[in-house]
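Undergrad: Here's a structure for you.
The values are calculated or read from the model by the stated rules, or taken from the named source; none is laboratory data. Keep in mind that this is a model prediction, so the values were computed, not measured. Quick reminder, even Gly has a Cβ in these numbers, built from the backbone with ideal geometry, and neighbours come from all protein chains shown.
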Ligand SMILES: Nc1ncnc2c1ncn2[C@@H]1O[C@H](COP(=O)(O)OP(=O)(O)OP(=O)(O)O)[C@@H](O)[C@H]1O
Ligand SMILES: [Mg+2]
């Protein structure tokens with residue numbers, strides 16, 4: 001498939017302002033602020049336990065911030081139910097993939113399309129199967145029997161069935177071979193080129209920075225650094241902590 005040219009970066013679509021999110025007494029997010037512009041790829045980096053997944057879960061409404069706000073195109077969503085946030089165009093591929101193992105590939109895609117019942121669902125399905133031809137060959141296979149890479153494809157494809165304008169990806173390269181990681185990241189670039197804004201959490205900082213426009217670096221529940229992806233790649237702290245140097 002040929003790569004389309006990317007649409008231009010637009011205004012801020014997603015704004016997170018000073019959110020504090022807890023798990024019981026654990027103060028996981030301690031005043032996180034970030035923004036994402038239309039058509040951007042923004043990456044969220046940080047070591048284990050920094051709060052990256054918690055940030056994505058707070059955006060997608062799985063968790064509620066105790067204070068602070070999440071705003072989508074000017075509308076507060078930090079009090080909106082998770083399934084309504086999906087309806088508003090924010091879809092997430094979760095860490096660890098979490099496909100429905102007993103359902104087939106096809107049925108998993110149906111689950112992703114739960115908010116839509118129009119004729120366009122067939123087109124959506126065709127589009128994600130063109131993006132991931134391996135899934136087309138395995139439509140009737142139970143998701144639990146797919147390889148890790150195929151499950152990651154399915155998790156992203158399922159999220160795409162919700163017709164996101166903002167796609168949240170949590171650790172898409174986790175546990176994958178370099179070859180499959182490339183397949184996944186090419187697909188992310190392709191999805192972005194069709195006009196979908198992407199927020200990607202990654203342990204593989206180099207890879208994430210290679211496709212991102214901008215990045216945020218988290219440490220113990222706080223954003224400690226933000227810059228263009230190009231500048232972060234050159235940043236000494238980032239190079240030492242996340243790019244395996246020093
Ligand atoms: N369900 C939970 N219950 C209690 N504490 C949690 C829960 N999930 C996460 N935490 C805690 O919140 C903090 C942030 O976790 P989070 O999963 O957001 O980190 P992360 O940056 O995604 O890490 P990783 O790179 O390991 O996925 C950690 O201290 C973690 O132990
Ligand atoms: Mg995580």
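Undergrad: Looking only at region 106-129, count every residue that is more than 20 Å from the chain's Cα centre (by Cα) and assigned to a helix (DSSP H, G or I) and tell me the total.
TA: Going through region 106-129, the residues more than 20 Å from the chain's Cα centre (by Cα) turn out to be 106-107, 116-123, 126.
After this cut, where a residue has to be assigned to a helix (DSSP H, G or I) as well, the list is 106-107, 120-123, 126.
Residues flagged as more than 20 Å from the chain's Cα centre (by Cα) and assigned to a helix (DSSP H, G or I) within region 106-129 amount to 7.
Undergrad: I'm trying to understand the selection: among the residues of region 82-105, which are closer than 18 Å to residue 175 by Cβ and buried (at least 16 other Cβ atoms within 10 Å of the Cβ)? Give the derivation first.
TA: Of region 82-105, the ones closer than 18 Å to residue 175 by Cβ are 93-99, 101.
Those that are closer than 18 Å to residue 175 by Cβ and buried (at least 16 other Cβ atoms within 10 Å of the Cβ): 93, 94, 95, 97, 99.
Undergrad: Sticking with this one: Please work out which one of (1) surrounded by fewer than 23 Cβ atoms within 10 Å (Cβ to Cβ); (2) part of a strand (DSSP E or B); (3) within 16 Å of ligand 1 (Cβ to nearest atom) is the condition residue 17 fails and give its number.
TA: Of (1) surrounded by fewer than 23 Cβ atoms within 10 Å (Cβ to Cβ); (2) part of a strand (DSSP E or B); (3) within 16 Å of ligand 1 (Cβ to nearest atom), only one is false for residue 17: (3).
Undergrad: On to the next question. Please verify whether residue 160 is within 16 Å of ligand 2 (Cβ to nearest atom), within 28 Å of residue 55 (Cβ to Cβ) and touching a residue at least 60 places away in the same chain (Cβ under 8 Å), treating the condition exactly as stated. Before you say what the answer is, go through the steps one by one.
TA: Numbers: within 16 Å of ligand 2 (Cβ to nearest atom): no; within 28 Å of residue 55 (Cβ to Cβ): yes; touching a residue at least 60 places away in the same chain (Cβ under 8 Å): yes.
Here the answer is no, as residue 160 does not meet what is asked.
Undergrad: What are the residues in region 88-105 that are within 16 Å of the chain's Cα centre (by Cα) and either in a strand (DSSP E or B) or away from ligand 1 (no atom under 16 Å from the Cβ) (or both), if any? Lay out the reasoning, then the answer.
TA: Pass one, region 88-105, residues within 16 Å of the chain's Cα centre (by Cα): 88-99.
Result: 88, 89, 90, 91, 92, 93, 99.
Undergrad: Which ones in region 191-214 are part of a loop (DSSP other than H, G, I, E, B), touching a helix residue (DSSP H, G or I) at 6+ places or on another chain (Cβ under 7 Å) and buried (at least 20 other Cβ atoms within 10 Å of the Cβ)? I'd like the intermediate steps shown before the answer.
TA: So in region 191-214, the residues part of a loop (DSSP other than H, G, I, E, B) come out as 194-196, 202-204, 212-213.
So of that shortlist, the ones also touching a helix residue (DSSP H, G or I) at 6+ places or on another chain (Cβ under 7 Å) come out as 202, 212-213.
Across region 191-214, the qualifying residues are 202, 212.
Undergrad: State all residues of region 140-185 that are in a loop (DSSP other than H, G, I, E, B), touching a strand residue (DSSP E or B) at 6+ places or on another chain (Cβ under 8 Å) and within 16 Å of ligand 1 (Cβ to nearest atom); if no residue qualifies, say none.
TA: The answer is 171, 172.
Undergrad: Scan region 195-208 residue by residue and report those that are at pLDDT 95 or above and more than 14 Å from the chain's Cα centre (by Cα).
TA: 195
Undergrad: What's the total number of residues in region 130-139 that are in a loop (DSSP other than H, G, I, E, B) and in contact (Cβ under 8 Å) with a residue 12 or more places away in the chain?
TA: Start the filter on region 130-139 by keeping residues that are in a loop (DSSP other than H, G, I, E, B), which leaves 132, 137-139.
Subset that is in contact (Cβ under 8 Å) with a residue 12 or more places away in the chain: 132, 138-139.
Summing the residues that are in a loop (DSSP other than H, G, I, E, B) and in contact (Cβ under 8 Å) with a residue 12 or more places away in the chain in region 130-139 gives 3.
Undergrad: Follow-up question, since we're still on this one. Any residue at all in region 61-69 that's within 16 Å of ligand 2 (Cβ to nearest atom) and either in contact with a helix residue (DSSP H, G or I) (Cβ under 7 Å, 6 or more places away or on another chain) or touching a residue at least 12 places away in the same chain (Cβ under 8 Å) (or both)? Quick ask: steps written out before the conclusion?
TA: Looking only at region 61-69, we keep the residues that are within 16 Å of ligand 2 (Cβ to nearest atom), and these are 62-63.
Right, trim to either in contact with a helix residue (DSSP H, G or I) (Cβ under 7 Å, 6 or more places away or on another chain) or touching a residue at least 12 places away in the same chain (Cβ under 8 Å) (or both) and you get 62-63.
Checking region 61-69: at least one residue is within 16 Å of ligand 2 (Cβ to nearest atom) and either in contact with a helix residue (DSSP H, G or I) (Cβ under 7 Å, 6 or more places away or on another chain) or touching a residue at least 12 places away in the same chain (Cβ under 8 Å) (or both).
Undergrad: Which one is surrounded by the fewest Cβ atoms within 10 Å (Cβ to Cβ) among residues in region 46-75 that are more than 9 Å from ligand 1 (Cβ to nearest atom) and assigned to a strand (DSSP E or B)?
TA: Per the criteria, the residue is 75.
Undergrad: Identify, by number, the condition in (1) surrounded by 13 or more Cβ atoms within 10 Å (Cβ to Cβ); (2) outside any helix (DSSP H, G or I) that residue 79 doesn't meet.
TA: It is condition (1) that residue 79 fails.
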